[in-house]
Structure formats: structure tokens, C-alpha cells
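What follows is a set of notes on a single structure, which appears directly below.
The values are calculated or read from the model by the stated rules, or taken from the named source; none is laboratory data. Here the structure is a predicted model, which is why all the values come from computation and not from measurement. In this analysis, Cβ positions are derived from the backbone assuming ideal geometry, glycine residues included, and neighbour counts consider all displayed protein chains.
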Amino acid sequence: MARTLTFMLLALGLFACGGPSEYVLTGTARSAGTDGMMIVEDTGGNHMVTVELEHLPPADRISQGGQHYVVWIKPKGGTPHVVGELDYDPDERIGRMTATTPTSEFELIISVERTMTVSHPSEVLVVKKNTASTSSSSNDDD
């Protein structure tokens, strides 16, 4: 009996932790065939954000002079800041990146930029996704 109760309490504790949150990513009109996933995992104070996009055309095909897929995190009520660049494989047309953020509610923005030394996202957006949205399969393109 005690063994069963212990197992039940352990199982309940594991399910209560929740695990990582997954979000479906879809491309904006500029990159309509692009899709992928974002996984947000609580790492004990910070959140690890893993992004993988497929069917991603080269940046210069989306915007003339585009060289970089820049990943931004915009905290709820805050301003976007760069967390890095997608590691882009032109042969596979896949972009990947992992970053951390202290906030769990944010908007992920991926833009095409000419340089990495930009202070705000350009108007050339490939993906936008708000972690506070109720539908994990919608594109939050404004």
C-alpha cells in the first residue's frame, strides 16, 4: 500500500511539472512555405528556447541584400532584443538556434537583415510567434 501511494505521488509530481511547451511556427507571407517548431523549456529561472525551421529559402531570396536570419525575443510589454542568428543550412534549407531568456511570455521574431549589428527588427519578417497565444498552431503575423 505504501509503495503504491509513493508511486502515485511521484507520478503526480512528474505530471505537475508540465514539461516543455511546444509551438508550431509558420512563415509569414514573405516566406509562406516555411514551417517549424519552437520548444520553450524552464531551466530553473531561465527558459531555453529552441527553434527549428524547415523549407527556409536563402535570406537574399526573401530580401535583396539579406544575409542573416536574426532571432529576436520581445518580452511581454518590452522591446525586442537580439538573441542570435539562425544556423542556416542552404542545402537542407533548415535553420536552427537555441537561446535563453529570463521570461516565459514573449514574442519570437525572426527577421532577415543585412548585418547582425541592428538595433531593431527590419520589416522583413519570416516568423512571429507569441508564447501567450492560445493557439499553438497559428501564425501571429500582424
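Being touching a residue at least 12 places away in the same chain (Cβ under 8 Å), hydrophobic (A, V, I, L, M, F, W, C), part of a loop (DSSP other than H, G, I, E, B) and crowded, with 19+ Cβ neighbours inside 10 Å is the requirement here; does LEU25 meet it?
Details: touching a residue at least 12 places away in the same chain (Cβ under 8 Å): yes; hydrophobic (A, V, I, L, M, F, W, C): yes; part of a loop (DSSP other than H, G, I, E, B): no; crowded, with 19+ Cβ neighbours inside 10 Å: yes.
Criteria not met by LEU25.
For the range 12-20, indicate whether the set of residues that are under 14 Å from the mean Cα position of the chain (by Cα), of a type in the set (A, V, I, L, M, F, W, C) and either part of a strand (DSSP E or B) or surrounded by fewer than 18 Cβ atoms within 10 Å (Cβ to Cβ) (or both) is non-empty. Within the range 12-20 (the criterion being under 14 Å from the mean Cα position of the chain (by Cα), of a type in the set (A, V, I, L, M, F, W, C) and either part of a strand (DSSP E or B) or surrounded by fewer than 18 Cβ atoms within 10 Å (Cβ to Cβ) (or both)), the answer is no, since none of the residues qualifies. Look at the range 112-141: where a residue is under 16 Å from VAL40 (Cβ atoms) and at pLDDT 95 or above and a partner is not basic (Lys, Arg) and not in a strand (DSSP E or B), sitting 6+ places away or on another chain with Cβ atoms under 6 Å, you get LYS128/ASP140; LYS128/ASP141; LYS129/ASP140; ASN130/ASP140.
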